[in-house]
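First comes the structure, then the notes that go with it.
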Amino acid sequence: MSRMPPTRSRRDVDTVLARGLAAALDGSAHATGAATAFVLTGEAGAGKSHALRAAVSGLSVPLRWAAADEAAVRHPYALAAGLLGVELGRPLPADAEQRLLARLDELCAGGPLVLAVDDAHQADAASLAVLNLVAAAARDLPLALLMARRPLPEREHLLRLLRRPDTGEITLPALDEIDLDALVHEYTGRWPGSALRSLLLRHPGNALYAITVIDDLRRSGALTEHGRLELLPGWRVGQGAAGGRSLEEVIESELAGLQGPAREVVRALSVMGAPTTLRHLAAVSGLEPVALVEPVQALLDRGVVTFGAGERLAFAHDSYREVVHHGIPAPLRRVLHAAAAEHADAADRAHHVIASGAPLDEVLRAVRAAGPDLVHAPAVEADLLARAAAAANSSTAGSAATELAVGRARALARSGQLRRAEESARGALASATGPSDRVELSRVLIFALTLRGEVPAALRLIDETLAGPVPARVRDILTDHRQQAAQLAGLAPLPLGPPVADPRTLTLTGLVCEAVRACLTGHPQVAIELAWEASRQHMSRDVDPYEGLSGDIWPPFIELSLGGPASATAALREVEGLREDRGASWQVPSHQLIGASIDLVAGRLADAAAAFDAALELVEPGEFAWTSLAVGARTMVDVLRGDLDAADRRLREWDAEPRVLQFGIPQPARARVALLEARRRHVEAARLARDVWATARAQHCHTWLAAVAPDLGRVALRAADDRLRVMIARDLALLPRPLSPAAIASVRLAEALTGPADHGLADRAATAAAHAARVGDALVETSAWEEAAVASAGQGDKEAARRYARRALELAEETGAVTVAVRVAGRLRSLGVRLGATAGRRRPTRGWDALTPTETLVAELVASGLPGPEVARRLHVSPRTVQTHVSHVLAKLGLSSRVELAAAGAARAAAVAAKGAGAG
């Protein structure tokens, strides 16, 4: 959470919000890391809505506003769709979230925008998840997000948003005398007298309390009619409804005078939980619409209800609804819910059936009927199932209660709420008695534990489940899942045996596990066949919901080790298409991380940084544990680009909360080696490199060792560490042969660096560079030219040294590898070779020449009028990555919107065309 200045009064709140919104919209918050999303927190009646309106009242930029009501929680994406102006239709499309984010991108294309959400604590979970993505996008868009909420009920996705470093929370302070005077004057047109002020301040400065008390005192004839608004002489505190009572008691007194039809109207309206038409209200009440005219008018006169958009009747404040609903005797409330269920859509009907106390079989039918509307909104489905499960009596409900419990746990897991999925499954397991029910709940729990990195607990539960009665196919899947989880966590060295003789004997989970094992142990040629076979089988048959779930993640991962960036990119495009066909949106972060790794190897460092950041921001801490490879790779990007302090911060954050290492690969520690080398702490770097190498070697991660060998070999050379050099040379000789095309360059270069000293190092390094160029491995190619230059300089061939160095520096400049350029120049300088003023030259920081190749392409596409999602599709990256690129482009060009970018792009194109015509 972003730290906000203290707010001791409502004036402070106004000031803090005004400054925060201004900084978010002018871009200065992006540069300083200040908040771009703001959450106002206050109890019922505290004045959150008023503060929200005050914050946006003087804005000169477009504003979009939405407010949630009690019924909003039942309708997936309803609040987000209303906020962004998107008609999603029914049934809910699978790409609803993508449509909403595309609309956000479109709205921000023209310039700064403010989004305001009132009563966010009542919003549906799918909309709250989207608002988390909106808050993330605000770092790169001219956008500010402003929300108001109560602290209770706690909503998981609201809590996640509050944990974001770019979100600031402001707790509304109680009204002080100045705030109260302003409120009374705004409401009545008169300033309060001292006695009235003293009475109103007896409650802890609650705005709704003050307004309700004033209304009550007016009806009691207790207020003066002229001058200051004051209590009449002789009116005693405690007289009437107001004196010293709580907000709820004051509202109860306010509503106590309602009788007959007016009381029945507010009761029905409170049960419906949302603004409604008189016709709908009449249907639920069993009346003709005309019969509601008189009671509704009476309620309007008392300020209890109001008409809103679409002539829908609503309570003037949620607190009125809550007090009315609480005051309805339970039997009458159930009758009203049953009546409301008869006139509701599927989602609302399920809610009302549950609240009516209907038999569990009826509840189950209603929940199943709502299922098609919720299939693409698992977080909303989980909330519905939670209410249904709470209504079920597990001691008598049997399989129906278990069906609800299993469904809720699955929905929580699908929505990424793994901690809550675990809690839900554990709670249901404690009361489940049937063997099949226990197996189903155990599988949900195993899935959640595995994704959260709690692998030992998952393995214990697998063993416990296998000890009981389990269907044969499920037993095979669980057995293979056990092996896969242990493999992923690096709990034991990877087996080095030959590939499985007949893949058809394996479950899909076993097939995926075998593919990954083959890849990591140095057989990517075999691994890629197994991985694609798993994908084909997943497509061609009706598989168990937990079988081979990650099958479409691994082909591009393996191709990167086999054929390099180009073939990995082609594989990534193919599995992304399969992901869309199968509706497996949970794979998006994994595919984005693989895409970022491809960019890193290809030397597209700015692209890699943007892609890693976009993917990692989707990962909620404590929910998904498998990020060690991504964090280590993202840190390497910082090191290569020369941002050593950022790399250090990233590693310190990792060390502060150690997480599981994927496959036991010490990727963060490998990044620490690179950081130490960049800071010229060569002995420390070599010492840590020995540990890194030994750890990966013990895990039999041969393919990873081949990839890092050139960098660690260079560390050994610069630190004169023979132990490290011998370790690398010995283990490289043991790598499986033949080497994959992607590994040839790195292994040949590392062998040259760590083998016996001879005069052929320069030639061998140049040959490795050529191999790297053929597979598109820009980082290894750059390192190879560097070593060729250093070896030539060591042999006294300064001309060859400069020739090789120029190629290394050209690549370093193209990729943005500042650290490499500085290192090349420094190493050659120590050998008596100076490279001139262009050595280590940095790309300009401003203007068109400051843009990376991808940023230039993004700028041209955006300037041509393409929306962000279309740019993302053309470049095969995520829309968030495009937003990051556009943000960088605007900053480098000194522009504030895509409209300005379009104008600048047109002017640049015209200038280029004119220059070309002149040259002709």
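The values are calculated or read from the model by the stated rules, or taken from the named source; none is laboratory data. Quick caveat, the model's predicted, so the values are computed rather than measured. When we count neighbours, we look across all protein chains shown, and the Cβ atoms used for this are built from the backbone with ideal geometry, even at glycine. With ligands, DNA and RNA removed, areas are computed over all heavy atoms of the protein, side chains included. Shrake-Rupley method; radii C 1.70, N 1.55, O 1.52, S 1.80 Å.
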Q. How much accessible surface does Lys798 have with a 1.4 Å probe, in Å² rounded to 10?
A. 90
(Q) Checking the a/c ratio against 1.5 first, then a/b against b/c, what shape does the Cα gyration tensor give for the range 771-887? (A) prolate
Q.
Check which residues have an amide H placed less than 5 Å from Val305's amide H, if you skip close sequence neighbours.
A. Leu300, Ala316
Q: Please state, rounded to one decimal and in Å, the Kirkwood hydrodynamic radius that the range 302-366 gives when every pair of distinct Cα atoms enters the mean of 1/r.
A: 13.2
Q | For the range 313-329, Karplus couplings with θ = phi - 60° (6.51, -1.76, 1.60), whole Hz, Gly/Pro x | A | 7, 8, 5, 5, 8, 4, 4, 4, 4, 5, 5, 4, 4, 5, x, 7, x
**Q.** Whole-Hz couplings from phi, Karplus 6.51/-1.76/1.60, listed for the range 43-57; x for Gly and Pro
**A.** 6, 4, x, 6, x, 5, 4, 4, 5, 5, 5, 5, 5, 9, 5
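Could you tell me whether the range 62-126 comes out rounded, prolate or oblate from its Cα gyration tensor? Rule is a ≥ b ≥ c as square roots of the eigenvalues, rounded for a/c under 1.5, then prolate if a/b exceeds b/c, otherwise oblate.
oblate
Checking the a/c ratio against 1.5 first, then a/b against b/c, what shape does the Cα gyration tensor give for the range 462-513? Display every interim value, and only then the final one.
On the way: a/c = 2.59, a/b = 1.29, b/c = 2.01.
In terms of gyration-tensor shape, oblate.
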Q. Which cross-chain or sequence-distant (5 or more) residues have an amide H under 5 Å from the amide H of Val39, H modelled 1.01 Å from N in plane?
A. Met147, Gly168, Glu169, Ile170
(Q) Can you work out the Karplus-derived ³J(HN,Hα) for every residue in the range 408-417? Use 6.51 cos²θ - 1.76 cosθ + 1.60 with θ = phi - 60°, whole Hz, and x for glycine or proline. (A) 5, 4, 5, 4, 4, 5, 5, 8, x, 8
**Q.** Glu294 accessible area, 1.4 Å probe, all protein chains in place, Å² to nearest 10
**A.** 150
Q: For n ≥ 4 DSSP H runs only, could you compute -39500 (n - 2.57) per run for the chain, divide by its residues and tell me the 222 nm figure to the nearest 500?
A: -20000 deg cm²/dmol
Q) Given the chain, what percent of its DSSP beta bridges are antiparallel, to the nearest 5? A) 20
Q. Hey, got the dipole for the chain? About the Cα centre, +1 on K and R Cβ, -1 on D and E Cβ, debye to the nearest 20?
A. 2400
Q | For the chain, with +1 on Lys and Arg beta carbons and -1 on Asp and Glu, the positive-most of Leu445, Val601, Leu491 along the dipole | A | Val601
Q: From largest accessible area down, sort Ser830, Ser49; use a 1.4 Å probe on the protein chains.
A: Ser830, Ser49
Q) Going toward the positive end of the dipole of the chain, with +1 on Lys and Arg Cβ and -1 on Asp and Glu Cβ, which of Leu828, Thr782, Ala355 do you reach last? A) Leu828
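Would you work out what percent of the accessible area of the chain, with all protein chains in place, is carbon or sulfur (probe 1.4 Å)? Intermediate results must be reported in sequence, preceding the final value.
Details: 20780 of 38320 Å².
Carbon and sulfur: 54 percent of the exposed surface of the chain.
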Q) What is the distance in Å between the Cα centres of the range 48-80 and the range 877-911? A) 30
**Q.** Computed accessible area, Arg679, all protein chains, 1.4 angstrom probe, square angstrom
**A.** 80
**Q.** Accessible area (Å², per residue) of the chain, counting only protein heavy atoms and a probe of 1.4 Å
**A.** 42
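Which sequence of Thr845, Thr782 reflects their accessible areas, 1.4 Å probe, from the largest down? Can you show the working numbers first?
Working: Thr845 110, Thr782 5 Å².
Listed by decreasing accessible area, they come as Thr845, Thr782.
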